[in-house]
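Chemist: Could you have a look at this structure, given as structure tokens, before my questions?
The values are calculated or read from the model by the stated rules, or taken from the named source; none is laboratory data. If you're wondering where the values come from, they're calculated on a predicted model, not measured in any experiment. Cβ coordinates were reconstructed from backbone atoms using ideal geometry, including for glycine residues, and neighbour counts include every protein chain displayed.
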Amino acid sequence: MADTSAMIRGRRTSGSGVAAGVKQYLAREIGEFWRVDLIGLILTTALGLFLRTQLFNSFVGAVTVTLLLEPFTLVVILATRPVLLRLNTPLRLAVSPLAPTALLFAAAAMVATAWAKVVWLVTGWTVPTWNETQSWLVPWAYYCFVMVSWSIARLWVAAERTARAEKERAMLAAAEAMKAELNHLRHQHDPHFLFNALGGIASEITIRPKNAVEMVRDLADYLRYSLDHRDLTVANFTGEIDSVRAYLELQRARFGDNLSFELSADKQARRHRTPAYLLQPLVENAVKHGLKSGRKPLNIAVEATSDGGRLHIVVANSGTLDRDWATGGDPGVGLSVLRRRLALHYPDRHRFDLQQIGDMVTVKLEVHGEPCFA
């Protein structure tokens, strides 16, 4: 009895598994390929109606037979697809293996032909000029053509969807890789600034301890802003302006009258969203190379304006630009990181110029639109 109960449960489980598989298959076919099947059914119905009207010499007879045959053709095609998918991948379009595929279509066409014979016998609509062989061979050839064409169309659509899905996955993977690279670039820049700031504070402790205390406070304010934005790839430009102001105050506390700065940004510019720490490497570079020029005092001017979707940034410092700066070696961590980030955030939508204008080394940066990965 136990064995019998186990067998019954096994059969029920197997039956439910088959039913679930059929349900899943039909849901997938209807959900993904209903447009192809609908178009195929319409075209097959139109073709069959035209041919049968010519053969029967009767539109009524052609309509009657067509309405009984074409839905069955759709059922046969749906029934052959699981086998077809096992024999072929969508990208091969039913080419290999050729022999099993041909046998499958031949058998399916024969089933449809047998149903056509039944319909003809029941309705009485036949082709009087056909002999017995023709009544089997011609419909069979017709159904072979219909099923091959219909299946190739379906497999072509499947191939297109597969290619599109792979492209979307590749784009998502590329986006994730770029986000990871942006985070890496952010982490590369933050320690670079921190080491410079700590070095400046260390040099002030024994000489001007009050200045060192002010610098520590300014650094704390800057680091507080940095921590608040540590997980942000994109930030409001207002925060960028405030962050740069804290940095410049930190440097002015260190250098006193030897450094002065002007910082301005119009209301439209402050509304922009930009990559976090966009201004920092430009201003830090201005301080570093401006001091190297030996001119005192070092004057730094930062200006940001906007004309709609474009943000214009100008950072200038007193000094002299090396004529071979573009080809003369490493431009430094700050500018290298900035250029890479601009390429990721604004592909083909940014412009970066570094030039000598009068006695000022001037950086002009223009970005257009929203940054990628915002």
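Chemist: Scan segment 335-361 for residues that are at pLDDT 85 or above and under 14 Å from Pro281 (Cα atoms) and jot them down.
Modeler: The answer is Leu342, Phe352, Leu354.
Chemist: Could you tell me whether any residue of segment 248-267 is in the same structural domain as Ala316 (by TED's automatic domain parsing), free of Cβ contacts under 8 Å to residues at least 12 places away in the same chain and in contact with a Phe, Trp or Tyr (Cβ under 9 Å, 6 or more places away or on another chain)?
Modeler: So the first thing to find is which residues in segment 248-267 are in the same structural domain as Ala316 (by TED's automatic domain parsing), and the list is 248-267.
Within this subset, residues satisfying the condition of being free of Cβ contacts under 8 Å to residues at least 12 places away in the same chain are 252, 267.
Next, from what is left, pick out any that are in contact with a Phe, Trp or Tyr (Cβ under 9 Å, 6 or more places away or on another chain): 252.
Yes: segment 248-267 contains one or more residues that are in the same structural domain as Ala316 (by TED's automatic domain parsing), free of Cβ contacts under 8 Å to residues at least 12 places away in the same chain and in contact with a Phe, Trp or Tyr (Cβ under 9 Å, 6 or more places away or on another chain).
Chemist: Among the residues of segment 322-334, are any surrounded by fewer than 22 Cβ atoms within 10 Å (Cβ to Cβ), within 26 Å of Glu249 (Cβ to Cβ), at pLDDT below 80 and of a type in the set (A, V, I, L, M, F, W, C)?
Modeler: Yes, there is a match, as at least one residue in segment 322-334 is surrounded by fewer than 22 Cβ atoms within 10 Å (Cβ to Cβ), within 26 Å of Glu249 (Cβ to Cβ), at pLDDT below 80 and of a type in the set (A, V, I, L, M, F, W, C).
Chemist: Something else now. Inside segment 132-161, can you point out the residues that are under 12 Å from Ala112 (Cα atoms) and touching a residue at least 40 places away in the same chain (Cβ under 8 Å)?
Modeler: Listed by number, the residues that qualify are Tyr142, Tyr143, Val146, Met147.
Chemist: Can you tell which of Gln251, Gln268 is farther than 22 Å from Ala286 by Cβ and part of a helix (DSSP H, G or I)? So that I can check it myself, show each step before the final result.
Modeler: Details: Gln251 fails: farther than 22 Å from Ala286 by Cβ.
On inspection, the qualifying residue turns out to be Gln268.
Chemist: Now for a different question. Taking into account only those residues within segment 105-161 that are among the hydrophobic types (A, V, I, L, M, F, W, C) and outside any helix (DSSP H, G or I), which is surrounded by the most Cβ atoms within 10 Å (Cβ to Cβ)? Walk me through how you get there before you give the answer.
Modeler: Kept after step one, since they are among the hydrophobic types (A, V, I, L, M, F, W, C), are these residues of segment 105-161: 105-112, 114-116, 118-122, 125, 127, 130, 136-138, 140-141, 144-148, 150, 152-153, 155-159.
Pick out the ones that are also outside any helix (DSSP H, G or I) and you get 125, 127, 130.
Values: Trp125: 18, Val127: 16, Trp130: 14.
So, considering only residues that are among the hydrophobic types (A, V, I, L, M, F, W, C) and outside any helix (DSSP H, G or I), the one surrounded by the most Cβ atoms within 10 Å (Cβ to Cβ) is Trp125.
Chemist: While we're looking at this one, here's another question. Looking at Leu227, Leu223, Leu172, can you tell me which residue is at pLDDT 75 or above and assigned to a helix (DSSP H, G or I)? Spell out how you get there, then give the answer.
Modeler: Details: Leu227 fails: at pLDDT 75 or above; Leu172 fails: at pLDDT 75 or above.
Selected residue: Leu223, the only one of Leu227, Leu223, Leu172 that is at pLDDT 75 or above and assigned to a helix (DSSP H, G or I).
Chemist: Here's a follow-up. Answer yes if at least one residue in segment 236-243 is within 21 Å of Met360 (Cβ to Cβ) and among the aromatic types (Phe, Trp, Tyr), and no otherwise.
Modeler: Initially, segment 236-243 is screened for residues within 21 Å of Met360 (Cβ to Cβ), giving 241.
Next, only the ones that are among the aromatic types (Phe, Trp, Tyr) stay: none.
No, segment 236-243 contains no residue that is within 21 Å of Met360 (Cβ to Cβ) and among the aromatic types (Phe, Trp, Tyr).
Chemist: OK, next. Quick one: Ile42 ticks every box in (1) at pLDDT 60 or above; (2) surrounded by 17 or more Cβ atoms within 10 Å (Cβ to Cβ); (3) aliphatic (A, V, I, L, M) except a single one, so which number is it?
Modeler: So the condition that Ile42 fails would be (2).
Chemist: How many residues, within segment 254-265, are out of contact with any Leu (no Cβ under 9 Å at 6 or more places or on another chain) and either in a strand (DSSP E or B) or closer than 19 Å to Glu370 by Cα (or both)?
Modeler: 3
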